[in-house]
1. So what's the back-of-envelope 222 nm ellipticity for the chain, counting only DSSP H runs of four-plus at -39500 (n - 2.57) apiece and dividing by all residues, rounded to 500?
2. For Arg282 and Arg240 in the same chain, what is the full-extension length gain: residue separation times 0.36 nm, less their Cα-Cα distance, in nm?
3. With +1 on each Lys and Arg Cβ and -1 on each Asp and Glu Cβ, and nothing else charged, work out how big the dipole of the stretch 158-315 is about its Cα centre, in Debye to the nearest 20.
4. Of the options Pro272, Phe82, Leu71, report the single residue whose Cα projects farthest towards the positive end of the charge dipole of the chain (beta-carbon charges: Lys, Arg +1; Asp, Glu -1).
5. Within the set of other residues whose C-beta is less than 12 Å from the C-beta of Arg228, count the net charge using Lys and Arg as +1 and Asp and Glu as -1.
6. Sort the following peptides by mean Cβ neighbour count (other Cβ atoms within 10 Å, averaged over residues), highest first: 7-19, 101-113.
7. Could you give the nm distance between label points at Ser20 and Asp165, where each point is 7 Å from its Cα heading toward the beta carbon?
8. May I ask you to list, by number, the DSSP H helices of the chain whose Cα span along the axis is at least 24 Å and whose average Kyte-Doolittle hydropathy reaches -1.0 or more?
Amino acid sequence: MSDDTSLQIPFPYRRSPHGSYATTLHRDWLIRHPLLPDADHPGYAHWEVVDLAALGYPDAGPDELALAADLMGFYFLFDDQFDGPLGRRPTEVAPICERLIAVLHGARPDQRSPVETAFADLWSRSVHGMPARWQARAAYNWEYYFASHPAEAAGRISTRPPDRDGYLELRRGTAAMETIFDMVERIGLFEVPASVLHHPVLRQIRQLAADIPSLSNDVRSFPLEAPRGDVNNLVMIVQRERHCSTEEACSAVMAEAQLMVERCAELHGQLPDVYRGLGLSRIERTIAGRYADGLLTWLAGYLSWEARTGRYHAV
């Protein structure tokens, strides 16, 4: 397969200067919630999880960056537990996810479960100081994320491969991007006005910024996912649609992602007109701009991280 898997991104990426501080706190968090057999696991270190948080939320203060790093670690380690046999047993995956959804809505975590205690800690820290409307939206998005995993497990043993529409629905759940984008507000300690948050232009930007990493990731992770029977990968779907080689399918997926990047930039340029049309105040425009820029900053930072992380590349 070709190594030409990079996108041309017109948005700059930046990095928080608090990486060293967050690295220490993240290691302590992994010790308190042993999602890994060893907090200093060398393979995990090569993923550069803290750097992903620093690139994704470059304006985060020290403690906010530590929270973001803990979240990134949770996403990866929670998802990876389903890469083996458990990920092909949906009746066992469902209770795990239901327990986490219960924690989300106030249930006490099982202290014997590092996954539950880790998530309870993350959720408590995430909602601290945030208004009720944000908390309700964030809770819905976390529920969507957790509830998608049993469906993904069922898909691995199904005789019917997913079509494009089914792929998008499930991938948008398991990718957790809505929860990641909620944290743009949490890290910045602001809330986007509802009128602009749900405006068609900003909704399109958010959806594109969420989908582009999934397409890029599908290409980079295809060599790992195909041998273990994962079917929820757009490269595989394009192969079936076009009856083409893996390399041709990868090129097609990346071309599609590049068009999405260009559309994202085009829509971003329309936002000043959106703000004027909605009659936003100066403060509301500033908040909306911080959010929109945060989405694109995350996108640029993630793609920079993905191109070199040891999670998808030999080190």
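The values are calculated or read from the model by the stated rules, or taken from the named source; none is laboratory data. Not measured: the values here are computed from a predicted model. Cβ sites come from the backbone with ideal geometry, for glycine too, and all protein chains shown count toward neighbours. The protein model used for the area step is the full one, side chains on, heavy atoms only, and it has no ligands, DNA or RNA in it. Shrake-Rupley method; radii C 1.70, N 1.55, O 1.52, S 1.80 Å.
1. Numbers: 15 runs with 218 residues, N = 315.
Helices in the chain give a 222 nm mean residue ellipticity of -22500 deg cm²/dmol.
2. Working: separation 42, 0.36 × 42 = 15.12 nm, distance 5.01 nm.
Extending this stretch completely gives an extra 10.1 nm.
3. On the way: 18 positive and 21 negative charges, 48 e Å.
The dipole of the stretch 158-315 has a size of about 220 debye.
4. Of Pro272, Phe82, Leu71, it is Pro272.
5. On the way: positive: Arg88, Arg156; negative: Asp80, Asp83, Glu225, Asp230.
So the surrounding residues net to -2.
6. Values: 7-19: 16.2, 101-113: 13.6.
Per-residue mean Cβ counts within 10 Å order the peptides as 7-19, 101-113.
7. Between Ser20 and Asp165, the label points sit 5.4 nm apart.
8. Sorted by number, the helices that extend far enough and score high enough are 62-80, 132-157, 200-225, 246-268, 282-306.
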